[in-house]
Amino acid sequence: MHKTRMALRSLAKRLAGNEDGVVAIEFGVIATFLILMLIGATDLGFAARHRSQMEGAVRAGIQEAMKGGTEEAIEAAVAASTDLPASPTAAISVTKLCYDGDGEAADCEASNVTAYMEIILEQQHTWILGMPGFSNPSTLKVVNSVRVG
């Protein structure tokens with residue numbers, strides 16, 4: 001029993017003084033966090049790119065509205081935009097809004113009204129890992145309007 005205890009103490013002293021493999025253990029711990037940070041940054045980059053593509057699609061709709069296009073033509077321009085990701089399908093809403101001289105909502109058929117086309121584009125974005133505080137998938141939404149009359 002005494003020999004066993006002495007052998008364990010001797011082994012413990014040798015292991016305590018031995019620094020072989022410490023660098024590998026430190027690298028493993030730090031690399032884990034670095035890889036998670038890299039994936040998180042990539043995830044945020046994909047979300048920013050997705051939103052940028054959606055904004056480009058809405059700009060295509062605004063250009064159509066400025067040419068005098070109908071609500072259906074504007075919606076088709078947004079849907080046909082080469083910037084818009086094909087999957088998942090986007091929810092596109094185009095609404096003509098009219099206001100009188102006081103800034104109150106008015107009938108678009110009335111005279112002396114200012115007309116705007118409002119374009120709302122919503123699309124799901126799926127995160128690679130997910131971000132704390134964000135649902136997965138998240139709904140990205142771009143809203144823009146342009147004066148048409």
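At-a-glance table
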quantity	calculated
³J(HN,Hα), Karplus 6.51/-1.76/1.60, whole Hz, each residue of segment 90-99, x for Gly, Pro	9, 9, 10, 10, 10, 9, 8, 10, 10, 9
The chain - mean residue ellipticity at 222 nm from DSSP helices (-39,500 (n - 2.57) per run, n ≥ 4, rounded to 500)	-16500 deg cm²/dmol
Extension gain from THR95 to ALA80, taking 0.36 nm per residue of separation minus the Cα-Cα distance	3.6 nm
Fewest-first sequence of HIS2, HIS125 by Cβ atoms within 10 Å of each Cβ	HIS2, HIS125
Label assignment, mean projected area of the Cα convex hull in nm² derived from the structure, set (i) 16.0; (ii) 11.5; (iii) 13.2	(i)
Proxy reagent accessibility, fewest Cβ within 10 Å first, across ASP100, ASP43	ASP100, ASP43
Total charge dipole magnitude, the chain, about the Cα centre, Cβ charges on Lys, Arg, Asp, Glu only, Debye to nearest 20	1780
At most 15 other Cβ within 10 Å, DSSP loop - GluC sites (Glu not before Pro), segment 1-87	GLU19
Set of lysines near LYS3 by C-alpha distance (under 19 Å), chain-local residues within fewer than 8 positions excluded	LYS13
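Bear in mind these aren't lab numbers, they're just calculated from the coordinates by the rules spelled out. Model, not experiment: these values are computed from the prediction. Cβ sites come from the backbone with ideal geometry, for glycine too, and all protein chains shown count toward neighbours.
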